[in-house]
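Read-outs throughout are calculated quantities, based only on the coordinates presented, and are distinct from any laboratory measurement. Everything quoted here is computed from the prediction, not taken from an experiment. Here the Cβ is made from the backbone with ideal geometry for all residues, glycine too, and neighbour counts use every protein chain on show.
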Amino acid sequence: MSKKITLSINGSRFDIDLEDGFATYMERELEEHFNVLGNNDVKILLQAYIKKNYEYFESKEKLEQLANKLN
C-alpha cells in the first residue's frame, strides 16, 4: 500500500507516492527540514540535501572504520 506526500518547492507542488513504512519515516524527515504546510525556497531544499549528504558521508566513514577493524 502507498501513501501520498505533498511538498511545495519554489511555488511548485510535488506529490510523491511512497510505501507506508518509508512514507512515515519521510513525513518525519520532511517536517524536520521543510515547511510542509507552505512553500519552501530552493535554498531550503539545497540545505536539506547537503545536510543529508553529510549525514550519509559520516555514516559511510564510520562503516568503513568498523569494516577495517573487523578485517
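Using the alpha-carbon atoms, what tilt in degrees (0 to 90, nearest 10) does helix 20-33 show relative to the longest principal axis of the chain?
80 degrees
Determine the gain in length on full extension of the stretch T24-K60; use 0.36 nm per residue of separation and subtract their C-alpha separation, reporting nm with one decimal.
Additional length available on full extension: 10.6 nm.
Nearest 10 degrees, 0 to 90: what angle lies between the long axis of helix 42-70 and the longest principal axis of the chain (Cα atoms)?
It works out to around 20 degrees.
Which of S8, S59 has the fewest other C-beta atoms within 10 Å, and how do the rest follow up to the most?
Values: S8 15, S59 10.
Sorted ascending by nearby Cβ count, the order is S59, S8.
Search the structure for amide H atoms under 5 Å from the amide H of K3, placed 1.01 Å from N in the peptide plane, and list their residues when 5 or more places away or on another chain.
Counting only residues 5 or more places away or on other chains, the set is L18, E19, D20.
Checking the cross-link filter: which lysines have an alpha carbon closer than 21 Å to that of K52, excluding same-chain neighbours under 8 positions apart?
Output for K52: K43, K60, K62.
Would you list, by chain and number, the aspartates and glutamates whose Cα falls below 14 Å from the Cα of K3, excluding same-chain residues fewer than 8 positions away?
Candidates past the 8-residue exclusion: D15, D17, E19, D20, E27.
Using helices alone, I'd like the mean residue ellipticity at 222 nm for the chain: each DSSP H run of four-plus residues gives -39500 (n - 2.57), total over residue count, nearest 500.
-21000 deg cm²/dmol
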